[in-house]
Amino acid sequence: MSRIFKGRPVLPADLEGEALVTHVGFNSLACFYKSMLTDAQVAICSDQSNKELFGKNLTDKIICLPKTVGSTSAGATWDRVAHMGIAPRAMLFSQHVDSLAAAGLAVAEVWVGKRICAVDELGDEFLEYVSDGQGITVRKDGTVIVH
């Protein structure tokens, strides 16, 4: 059975993929740091503070999260992982996207030509429902279908 959620399309796209879920803030630099340093072919989450994502492959996944945390390095981080080809396919926020994450994701598109879809304001119920490995369909209008 599928469940439909409606959010606000920040960087809209029509796509499908596999969910990776965290219930804590996503620190972009901490998650991608080791992969960026080693010029990795895939992004393995290196944020030991995020027990749900640590050690998991983030590349081409649909990251389901409440919000991001961290500093102004987020923009450069998103630019680098997009340039390396190891970025997630989408970021689905249960809360309102913060300006650093939105700007970083926009930078990845403008400077690298890689759109990382972003939808926010999906609500707490979305994050309670979705789990790792579930299939997700995202529509340009902000509709998110969890299969």
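Just so it is clear, none of the values below were taken in a lab; they were calculated from the coordinates. Everything quoted here is computed from the prediction, not taken from an experiment. So basically every Cβ, Gly included, is an ideal-geometry build from the backbone, and we count neighbours across all protein chains shown.
Please compute the length gained on full extension between Ser71 and Lys56, using 0.36 nm multiplied by the number of residues separating them and subtracting their Cα-Cα distance. Walk me through the intermediate numbers first.
Numbers: separation 15, 0.36 × 15 = 5.40 nm, distance 2.23 nm.
Result for the pair: 3.2 nm of gain on full extension.
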Exercise. Once the dipole of the stretch 1-82 is set up with Lys and Arg at +1 and Asp and Glu at -1 on Cβ about the Cα centre, which of Leu15, Ser2, Val42 lies farthest towards its positive end?
Worked result: Ser2
Exercise. Counting each DSSP H run of 4 or more residues in the chain as -39500 (n - 2.57), what helix-only mean residue ellipticity at 222 nm follows after dividing by all residues, to the nearest 500 deg cm²/dmol?
Worked result: -7000 deg cm²/dmol
For this session: Please state, rounded to one decimal and in Å, the Kirkwood hydrodynamic radius that the chain gives when every pair of distinct Cα atoms enters the mean of 1/r.
Result: 14.7 Å
For this session: Could you list Ile44, Ile136 in order of exposure, starting from the residue whose Cβ has the fewest other Cβ atoms within 10 Å?
Result: Ile44, Ile136
Exercise. In nm, to one decimal, how far is the modelled label at His147 from the one at Gln95, with both set 7 Å along Cα→Cβ?
Worked result: 3.1 nm
Problem set entry | Dipole of the chain, positive direction: furthest Cα of Val24, Ala74, Phe93, with charges on the beta-carbon | Ala74
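Based on DSSP, what percent of beta bridges with both residues in the chain are antiparallel, to the nearest 5? The partial results should precede the final answer.
Details: 15 of 27 bridges.
About 55 percent, rounded to the nearest 5.
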Exercise. Nearest 20 debye, what's the magnitude of the dipole of the stretch 3-146 about its Cα centre given +1 on Lys and Arg Cβ and -1 on Asp and Glu Cβ?
Worked result: 180 debye
Exercise. If each residue's Cβ is checked for other Cβ atoms within 10 Å, how do Trp78, Trp111 rank with the fewest at the top?
Worked result: Trp111, Trp78
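Per 0.36 nm of contour for each residue apart, how much would the distance between Ser49 and Lys140 grow if the chain were fully extended, relative to their Cα-Cα spacing? Write down the numbers at each step before the final one.
Numbers: separation 91, 0.36 × 91 = 32.76 nm, distance 3.23 nm.
Here the segment from Ser49 to Lys140 would lengthen by 29.5 nm.
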